[in-house]
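The values are calculated or read from the model by the stated rules, or taken from the named source; none is laboratory data. Everything quoted here is computed from the prediction, not taken from an experiment. In this analysis, Cβ positions are derived from the backbone assuming ideal geometry, glycine residues included, and neighbour counts consider all displayed protein chains.
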Amino acid sequence: MRIKEHPILTFEEKKKLSFFFDGKEAYGYEGDTIASALHAMGVKVLSHSIELNRPRGLYCAIGNCSSCNMIVDGKPNVRTCVTMLVENMKVKTQVNKGDIYEKD
Amino acid sequence: MLNTNGVPDKKQIFSRFPDKKYILKPKAITECYEEIPCNPCSTSCPFDAIYIGEDINTAPIVDFEKCTGCGICVYNCPGLAIFIVQELDNENARFKIPYELIPLPIKGETWSGVNRAGEVITKVLIEKVSLTEKQDKTALIQVLVPIEFINDFITIRSKL
Amino acid sequence: MKKIDLVIIGGGPAGLSAAKMAAESGLSSLIIERNFKIGGQLVKQTHMFFGSEKQYAKTRGIDIAKILVNDVLKYSDMIEIMTGTTVVGLYKDKVVTLLKDEKYIKVKTKAIIIATGASEKVLAFEKNDLPGIYGAGAVQTLMNVHGVLPGHNVVMVGSGNIGLIVSYQLIQAGVNVLCVLEASSEIGGYKVHASKLKRLGVDIKTSHSIKKAIGKDYLERIIIGKLDDKWEFIEGSEEELIVDALCISVGLSPLSNLLSMIGTEMKYVSYLGGLVPLIDENYETSIENVFVAGDVCGVEEASSAIVEGYLTGLVVAKKLGYIHPNYDKLYLDFKAQLHNLRSGPFGEKLRRGLEEIMR
Amino acid sequence: MKANIVIVGAGISGVSIAYNLAKKGVKDIVVFDDNYLSGGATGRCGAGIRQQWGTKNNCILAKKSVEFFEIAQEELQYPRDIEFKQEGYLVIATTKEEDLQFVKNVKLQNSLGIPAVVLTPKEAAKIVPHLNLDIVTSATFCPTDGHLNPFTVTDAYYLAAKRLGVKFFYQEKVLNIIVKDNKIIKVITENYEVITNKVVNAAGGYSKEIGDMVGIDIPVYSENHEILVTEPIEKIQGPMVISFSLNIYCQQVPHGSFIMGRSDPNMPQGYNVDASWHFLDEMAKTAVNLLPPIGDLRVIRQWGGLYNLSPDRQPIISDVKELPGFYLACGFSGHGFMFAPMTGLLLSEIILGEKTTVDTTDLHIDRFKNSDFKDYEKSVV
Amino acid sequence: MNKKDVIICRCEDVTLEELHNLMKEGYTSFEEIKRILRVGMGSCQGNTCGQLIQRELANFTNTPINKVVTHKVRPLFAGVKLKSIVKALDDES
């Protein structure tokens, strides 16, 4: 769901970045946050809430609301709306409060 | 009603249209009914035909003697609230409207004509499309509109 | 510990103008911006701005951002910019702590201009946390910064200027906006924006609100309803809409957390959007050398934020001993501009609000 | 308004005193607090429950308090969870002196029925695997030590006391206490005047001020102690880890976040409760040194709160010979939370002239009239 | 309205039902509610819930919203890893 044509804005072709989402290969573009790359792929559920296990996704996009916390490169509670996508990043859906010891 | 659905009433609309004698030539209609802090229409007019004054909250007043209907204010209005109208003959009126959507119409095409409530009311002919650097992405579309819709037509929607 | 005379928190219109004017006066500063680029909310505003020429009226927000950024870059020897950096702590001894990626940085300063802007209010309704429901700011970021669409069929909640403008931007990006809901009986934003939407076929439903979101893992449908004059849903007025995105734009409140953190005297002023600091005529708070500019001391337009930025930059520099050669003339001009921007009927609430917080 | 007893302060001590008195049938108890429920030191504390002390008094107070906490949920008939977890305190020694002192401490503790044991560093690592063994010389462990939610346990006491008829007034500052002919006659607050001749001073960090109102000079002072809390994560640590020589206590609470604190030897006396960047530096350094993996945890919040320190770092729970009707529950030196059940019980006994459950001679304010009081509690962070 | 399904605090998963129940019990200040429901104590520090709870409290207690005190703001504004703080100290020396 990327915008191809826009009356005001021009979106230049950017470098493709591949990464892993829940073990599967995925890709985004340079300048993407993890959340925007996942969104462009149609992934809306980014985490599950810590007490009631409710699905949560991108909400504020400024790192405020904790709805988009994911496990990135083994580390939990990463705010993916304000974390830039990096080549070969391993991104995983977080379903608990987060484990401090890396589990792959 | 303007305050409840964004549609100005007839009285408001007519208040901005000049005497018939002026409209035989292209004139700017400013559909800006609120006193908001804004004055680009006035400062951009090369003919000094739109008055706002020191207090930028004043609603614009068009001097139809001076207005040439050039259309510069149309793409300079941040609210896209200005258009140019001219009573061409007994059958048609000519409008110049701002347009910021894609795809742009192409000269010669027929598009739907839409009123202020967003309803399709007629067919209109695209006469000219201009989008220069100066216009900064706001295109100016010149359309031919059946004369009976001179007080209703406001924009275009989808090619027919 | 890093030492710098002036720290400006927030690289939006207020912060950038403050840095420019401080630099013009001879005072160096450090701008801290949590986003990846400076420009604040302007970087995602594709529409033309109101105001007068002095505040770059009729220029698109994205282009005003470019102008302000260029102004600041001209003083690259005097203005240091840290992007992607969040101020995490503000302490009474004027130590500012920062986080850039995983790096923690401490800065000791003499003066601080807090220009953190505002944050979006949230709304309580059933399943208000379903993925597919977004703040309007998030939608703008997704669309206008990343070029990613939030969905195909969207309903906007809130008809303030942001709600109206973002709806228009959604249409420009090719999204179908089903309607705009407004709990109040009248449209909140400028009517020119409302008229622009209406003629594009978007209904603005006043006295309506979102009742319920429906969906298993993400938003699939919503139930909207009509409100009575006590803002309660009228039974039987429910309507179901199929949407894949819902955008919440129910107002902004000043992002004044850092001011509370450092112990500034604050007051809740509804006219200004929420909790704001008490200020004097130069925007200095109850803590000496802690200034504010922009939405953090009352939600307004970018135009006034720019002027407030200029004003505080000018004044702070003078306080620290750097007097602009045109100080008096500029000071009066900035004051006059602010007065002009706020003197109309739309500025009335603001004027009353500002009166309430004058020290 | 008339009251049998006015209690100043609705922190954990105040609510416990109120509850214990009301349970014994005392009517017309009024409690004033100038803040919200647990808005003072109680709500700001680390909320650990420890029985491993270096003085007999503290050991006994703690042990008897734990016995109450074990049944508190039922006894107070609380609908929410007080979150009492008994997963122990692991007390870390890092010096030869501490090794020796801790052996003595455990001997004392065992003699009072506290099931603490001395551990080798390896044994300690079995309980908390992420310990940095390079700096641990030995440890002691008591499995029945633990942690409580300070808010809910205070709430539990409060609700129980309220059910028994105690009247609570929050956001109601006590402005003065009127004494006439060496007798308390009235308590004046912002909105009330209460006729009473008994006042309990459980004002925590402000107890000296309350003493001053009636001309009793209480030898205590207040000091800011800071705490930080991290984001919650899945459980990795059962017990509280504490070290006096390293100046740290650190606990993962049931909710998942880590709470840790230390004291600043240069902190001036006073009522400041600000958070400082300096504390954050020192705390992070100490914590990551002792428990390296928690370096990956994000600090989300820091705050300060008042310790009310007595000269021997042991509480003052007593009447006041110079002013009949004035009672003290103060000077807890950072440990009022964990002693609260006993504070309430003992003070109710003192007020009602009953025989006290344990000997309170050493808790009396008069012990400070003697310049070389018996014990000094060193096991304090 | 199914209040169980209205989320007031995202960080700690607090629902409108829990909030209303507590208000009915007599806890009618943000500070009290925070202590029991943990609202404002999560990683966003009340940034999301503060304003919602303020409105609910204003409605429930029939108080003008500007008189309803909301959450205290304490450092830190965003989470900082302990090891980042240590690293900064190491870099300084």
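Could you check D:LYS96 against (1) surrounded by fewer than 24 Cβ atoms within 10 Å (Cβ to Cβ); (2) away from chain E (no Cβ under 14 Å); (3) closer than 20 Å to D:ILE259 by Cβ and say which number it fails?
(3)
Would you kindly identify the helices (runs of 4 or more DSSP H) lying entirely within the range C:114-230 that contain at least 3 residues that are farther than 30 Å from E:GLN54 by Cα?
C:161-172, C:191-199
Please name all residue pairs, on different chains or six or more residues apart, with Cβ atoms under 7 Å, provided the first residue is in the range C:171-191 and is facing chain B (nearest Cβ under 7 Å) and the second residue is acidic (Asp, Glu).
Pairs that qualify, where the first residue is facing chain B (nearest Cβ under 7 Å) and the partner is acidic (Asp, Glu), are C:GLN172/B:GLU100; C:TYR190/B:GLU34; C:LYS191/B:GLU34.
Please work out which residue is nearest to the other protein chains (Cβ to nearest Cβ), limiting yourself to the range C:231-243 and to residues that are in contact (Cβ under 8 Å) with a residue 60 or more places away in the chain and outside any loop (DSSP other than H, G, I, E, B).
My answer is C:ILE242.
Tell me whether the range C:136-153 contains one or more residues that are of a type outside the set (Val, Ile, Thr), surrounded by 23 or more Cβ atoms within 10 Å (Cβ to Cβ), touching a residue at least 24 places away in the same chain (Cβ under 8 Å) and more than 14 Å from chain A (Cβ to nearest Cβ).
Among the residues of the range C:136-153, not one is of a type outside the set (Val, Ile, Thr), surrounded by 23 or more Cβ atoms within 10 Å (Cβ to Cβ), touching a residue at least 24 places away in the same chain (Cβ under 8 Å) and more than 14 Å from chain A (Cβ to nearest Cβ), which makes the answer no.
Pairs only if they're at least six apart or on different chains, beta carbon under 8 angstrom, first in the range D:228-253 and more than 28 Å from E:VAL73 (Cα to Cα), second of a type in the set (Lys, Arg) and not in a strand (DSSP E or B); list them, first residue then second.
Filtered contacts from the range D:228-253: D:ILE242/D:ARG50; D:PHE244/D:LYS378.
Looking at the range A:73-104, which of the residues that are under 18 Å from D:ILE300 (Cβ atoms) and away from chain D (no Cβ under 12 Å) is surrounded by the fewest Cβ atoms within 10 Å (Cβ to Cβ)?
A:THR83
B:VAL62 - would you say it is of a type outside the set (S, T, N, Q) and touching a residue at least 60 places away in the same chain (Cβ under 8 Å)?
The answer is no for B:VAL62.
Tell me, which helices (runs of 4 or more DSSP H) lie completely within the range C:255-359 with 2 or more residues that are touching a Leu at 6+ places or on another chain (Cβ under 6 Å)?
Ranges flagged: C:257-261, C:302-319, C:327-342.
Among the residues of the range C:259-289 satisfying the criterion of being of a type in the set (A, V, I, L, M, F, W, C) and within 22 Å of C:GLU301 (Cβ to Cβ), which is farthest from the other protein chains (Cβ to nearest Cβ)?
C:ILE279
What pairs can you find where one residue is in the range C:330-359 and under 23 Å from C:GLU24 (Cα atoms), the other is at pLDDT below 95 and among the charged types (D, E, K, R), and their Cβ atoms are less than 9 Å apart, with a gap of 6+ or different chains?
C:ASP333/C:LYS54; C:GLN337/C:LYS54
In the range D:239-288, what residues are among the hydroxyl-bearing types (Ser, Thr, Tyr) and assigned to a strand (DSSP E or B)?
D:SER243, D:TYR249
Given the residues D:GLY334, D:GLY305, which is the only one that is within 15 Å of the chain's Cα centre (by Cα), within 14 Å of another protein chain (Cβ to nearest Cβ) and within 23 Å of D:GLY146 (Cα to Cα)?
Answer to the check: D:GLY305.
Being without any contact (Cβ under 8 Å) to a residue 60 or more places away in the chain, within 14 Å of another protein chain (Cβ to nearest Cβ) and of a type in the set (Val, Ile, Thr) is the filter here, so list the residues in the range B:65-102 that pass it.
Across the range B:65-102, the qualifying residues are B:ILE72, B:ILE82, B:ILE97, B:ILE102.
Within the range B:117-160, work out how many residues are within 10 Å of another protein chain (Cβ to nearest Cβ), outside any strand (DSSP E or B) and over 13 Å from B:ILE97 (Cα atoms).
Final tally of qualifying residues: 5.
Quick check on the range D:343-351. Is at least one of its residues of a type in the set (S, T, N, Q) and part of a loop (DSSP other than H, G, I, E, B)?
No, the conditions are met nowhere in the range D:343-351.
I need the full set of residues from the range E:49-79 which are in contact with a Lys or Arg (Cβ under 6 Å, 6 or more places away or on another chain) and within 11 Å of chain D (Cβ to nearest Cβ), in order please.
E:ARG74, E:GLY79
For (1) assigned to a loop (DSSP other than H, G, I, E, B); (2) aliphatic (A, V, I, L, M); (3) over 16 Å from C:PHE291 (Cα atoms), each residue gets a yes or a no:
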| site | (1), (2), (3) |
| --- | --- |
| C:LYS20 | no, no, no |
| C:LEU30 | no, yes, no |
| C:ASN35 | yes, no, yes |
| C:ILE64 | no, yes, yes |
| C:VAL69 | no, yes, yes |
| C:SER76 | yes, no, yes |
| C:ASP93 | yes, no, no |
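Is it fair to say C:PHE49 is among the aromatic types (Phe, Trp, Tyr), out of contact with any helix residue (DSSP H, G or I) (no Cβ under 7 Å at 6 or more places or on another chain) and farther than 30 Å from A:LYS16 by Cα?
no
Quick check on the range B:42-58: of everything there that is facing chain C (nearest Cβ under 9 Å) and not in a loop (DSSP other than H, G, I, E, B), which residue is farthest from B:LYS134 (Cα to Cα)?
Among residues in the range B:42-58 that are facing chain C (nearest Cβ under 9 Å) and not in a loop (DSSP other than H, G, I, E, B), the one farthest from B:LYS134 (Cα to Cα) is B:THR43.
Of the residues B:PRO18, B:PRO8, only one is at the interface with chain C (Cβ under 9 Å from one of its Cβ atoms), over 23 Å from C:SER52 (Cα atoms) and part of a loop (DSSP other than H, G, I, E, B); which?
Matching residue, one of B:PRO18, B:PRO8: B:PRO8.
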